[in-house]
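Take a look at the structure below.
The values are calculated or read from the model by the stated rules, or taken from the named source; none is laboratory data. Just so we're clear, the structure is a prediction, and the values are computed from it rather than from any experiment. Don't worry about glycine lacking a Cβ; one is built from the backbone with ideal geometry, like all the others, and counts go over all protein chains shown.
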Amino acid sequence: MKEISEYEKDLASIRHIMERSVKFISLSGISGVMSGVYAILGAVAAYFILYYPVSPFNQRVYSINDYQTLSQLTFIAIVVLITSLATGFLFSSRKAKKYNEKLWNATTKKLLINISIPLFTGGFFILILLYTGHFSVAAPASLIFYGLALIQGSANMYDEIRYLGLGEIVLGLISALFPGYGLIFWVMGFGILHIVYGTIMHIKYDR
Amino acid sequence: MKNIFENLDKILENRARLQIMSVLISNDSYDFNSLKELLNSTDGHLASHMKALEKEKYISINKSFIDRKPNTKYKATAKGITAFKKHLDALEALVKQQK
């Protein structure tokens, strides 16, 4: 028979292992903040293409329809996406190393499969929207599907990500009510919410 | 005091086996290599514990091939889940009693 303290160690050890086996804990808070910053920079660039010299708070009366503007915006979106993913990968692999953990494990795989369904559905849906000329609902749709993906993935991440997901969905729905203000809601959802969330996560888990 | 100790599961008193069961309880299924990585274990060490759990019918095994490499997936059985819960309750009762 073992000592009582050994049983206590049993309990402590499985608590940690159960969490690690389910949750992807390597996602770093800083990378959330950084992706928020990239999104804002991207939105500023988009503002100069779309609105300038009109204030972004004024409703845009004309719509984007020329090929050049659209390709410039697509370029910005791709740059923001790639830099965010690269930063996320860099900081997360660093964090994984710190905790002596592999970045690519069974949990990461499960997480990616889970979130890729709403993400790809949303991605194709937005492409269809753009193709059919429904530009004004593309921004709300991106926020809503991104929020759904986060909620879907929250089972394999820290629980707080659920609130970020809910925030994105609410913003997306409100944004759908105000066509023409897509960029502002985009900055709030992908920029400010990411920065707030990343900061909270960094303070709570990474320090 | 004696009674509480009797509630402990002999198979799960081993910490490695308890850890394996805890992973299988929290996930639908888990494969051998991921389990080895998570628990920082070796092939032989993990295999011997898996065999012990299998003998007790605490886990079920599903062998398949992915890219011609063997892939062994484990699931906790209903019997295993009950045993794990009972053992955990006993552990908690023991620790609580001590305080």
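A few notes on this one:
- Answer residue from segment A:81-96, given it is touching a residue at least 40 places away in the same chain (Cβ under 8 Å) and under 22 Å from A:Leu143 (Cβ atoms) and is farthest from the other protein chains (Cβ to nearest Cβ) among those: A:Thr83
- Counting residues in segment A:97-107 that are within 21 Å of A:Thr74 (Cβ to Cβ), in a helix (DSSP H, G or I) and touching a residue at least 12 places away in the same chain (Cβ under 8 Å) gives zero.
- Just one of the numbered conditions (1) free of Cβ contacts under 8 Å to residues at least 40 places away in the same chain; (2) under 26 Å from A:Ile25 (Cα atoms); (3) over 16 Å from the mean Cα position of the chain (by Cα) is not true of A:His134: (2).
So that you can scan it fast, the table gives a plain yes or no per residue for (1) of a type in the set (Val, Ile, Thr); (2) more than 25 Å from A:Ser28 (Cα to Cα):
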{"position": "A:Leu130", "(1), (2)": "no, yes"}
{"position": "A:Gln152", "(1), (2)": "no, no"}
{"position": "A:Met157", "(1), (2)": "no, no"}
{"position": "A:Val170", "(1), (2)": "yes, no"}
{"position": "A:Ile192", "(1), (2)": "yes, no"}
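- Selected residue (criterion: farthest from the other protein chains (Cβ to nearest Cβ)) from residues of segment B:67-99 that are of a type in the set (S, T, N, Q) and either loosely packed, with under 14 Cβ neighbours inside 10 Å or touching a residue at least 24 places away in the same chain (Cβ under 8 Å) (or both): B:Thr82
- Enumeration of residues in segment A:13-30 that are more than 12 Å from A:Leu111 (Cβ to Cβ) and either at the interface with another protein chain (Cβ under 8 Å from one of its Cβ atoms) or surrounded by fewer than 18 Cβ atoms within 10 Å (Cβ to Cβ) (or both): A:Ser13, A:Ile14, A:Arg15, A:His16, A:Ile17, A:Met18, A:Glu19, A:Arg20, A:Ser21
- Residues that are within 11 Å of the chain's Cα centre (by Cα) and β-branched (Val, Ile, Thr) do occur in segment B:72-83.
- Subset of segment B:26-81 (residues that are more than 25 Å from A:Ala155 (Cα to Cα), touching a Phe, Trp or Tyr at 6+ places or on another chain (Cβ under 9 Å) and modelled with pLDDT under 90): B:Pro70
- Number of positions in segment B:35-64 that are within 14 Å of A:Ala106 (Cβ to Cβ) and surrounded by fewer than 19 Cβ atoms within 10 Å (Cβ to Cβ): 2
- Residue in segment B:24-34 that is farthest from A:Ala106 (Cα to Cα), counting only those that are facing chain A (nearest Cβ under 8 Å) and touching a strand residue (DSSP E or B) at 6+ places or on another chain (Cβ under 7 Å): B:Ile25
- Residue in segment B:42-61 that is at the interface with chain A (Cβ under 10 Å from one of its Cβ atoms), closer than 24 Å to A:Lys23 by Cα and either assigned to a strand (DSSP E or B) or over 15 Å from the mean Cα position of the chain (by Cα) (or both) present: no
- Yes/no for B:Met21 being of a type in the set (A, V, I, L, M), more than 11 Å from chain A (Cβ to nearest Cβ) and out of contact with any Lys or Arg (no Cβ under 8 Å at 6 or more places or on another chain): no
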